[in-house]
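Below is one structure, written out as structure tokens; comments come after it.
Since every read-out is calculated from the coordinates, none of them should be taken as a lab result. All values reported here derive from a predicted model rather than from experimental measurement. Every residue, glycine as well, gets a Cβ built from its backbone with ideal geometry; the counts of neighbours run over all protein chains shown.
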Amino acid sequence: MKTLSVIIPCYNAEKTVGSLIKSFGSGLPWVKLIFVDDCSKDGTIGTIDKFAQESGFDYSILVNEKNSGVSFSRNRGLSVAHSEFVLFADSDDFFAPGAFEIINKALETEADVYLFDTLYVLGKLKRTIQGCAGALAGGIKPQEAILSMNYAVWSKVYNLRTIAENKILFPPMKIKEDFVFNVALLSFCTRIRYVSDFFYVYVNNSSSAMNTTPMTEDIQRTAFKVLRERIPENALPLLPVLALKDFLYEGAKNAALASEGTERIRCIVSEFEKEFGSQSVNLTQLHYGFYYKAMIALLLAHSFCLFRLCVRIRALLIRGVCQGSFPQVSQE
């Protein structure tokens, strides 16, 4: 049987981490829990000890010398993991019933990364989000996964050897660190599998970094700068299209949330053109689902500037004038 480490960064998680541990069920000999406490000021460590001991799982608790953030904590967890596979969980989420059975079944087929669906919970609302939009269950090409995946690290299982061999780590960023980690890792992968089932339940937390840290052009610029340095040369042609998708999404979100939305959109368009305007972009590879979602959101936000850009993209797609293709990576 394969071995698996679950890496769980924690900070002031006394009220939630016990529920996460209980959701794991009874201990399994092939699963180890690795908790990384980021200098919590409450009773997080005591809560972990209590519930982890009751669960019967093998576990360890690492304590950072100073508060260092989620990226540092995840990287530290990776540095001590000795299993074949790893996955990441947040201390305020939980696993669905039978989660490890779902994971174990998926691991019967060899892969570098397994992409699962996610159950999102917002109050009484629940919705299942595909791990790879528009994909069919089974093996998928790296470029398809990179452009269509859910970029959060939870709801994925990673081959630890693939991470180690390619020296993939989380960058020191408060947000978009998952995006950079996943794109960098998948650009080195040849075996990626999408599993049309979920084991992870994400609970929307209004106080999380993702929900409290505003997205800025500097953050986007930093993310793509890091990716340029980390991904292999044959994957570099992916970046302009990936950036266009990312700028469209963030532009739509910012326009919908910000009072100065139109001006923000102009800045985002300008930033994209400055970063990638001189490079050819194969727009035919831009997933239609993302394109239309972005366009609808922009219409609702009255962001005419970027909406006009979407119309131009649509015209190019219809005329089929875009040439070129993504690098083809061999795949078993």
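A few notes on this one:
- Using 0.36 nm per residue and subtracting the Cα-Cα separation, the extra length available between Glu84 and Glu54 on full extension is 8.3 nm.
- Within region 1-90, trypsin sites (Lys or Arg not before Pro) in DSSP loop having at most 14 other beta-carbon neighbours inside 10 Å: Lys15, Lys41, Lys66
- Of the peptides 227-233, 143-149, the ranking by mean beta-carbon count within 10 Å, highest at the top, reads 143-149, 227-233.
- Fully extending the segment from Glu229 to Asn67, taken as 0.36 nm per residue of separation minus the present Cα-Cα distance, adds 55.6 nm.
- The gain in end-to-end length when the Ser196 to Ala133 segment is fully stretched comes to 21.6 nm, 0.36 nm per residue minus the alpha carbon separation.
- Leu122-Arg221 pseudo-label distance in nm [points 7 Å out on the Cα-to-Cβ vector]: 3.1 nm
- Which listed pairs, of Lys22/Lys124; Lys22/Lys105; Lys141/Lys167; Lys126/Lys225, have C-alpha distances above 24 Å, in listed order: Lys126/Lys225
- Here each label is just a point 7 Å from Cα along the line to Cβ, and for Asn204 and Ala164 those points are 4.0 nm apart.
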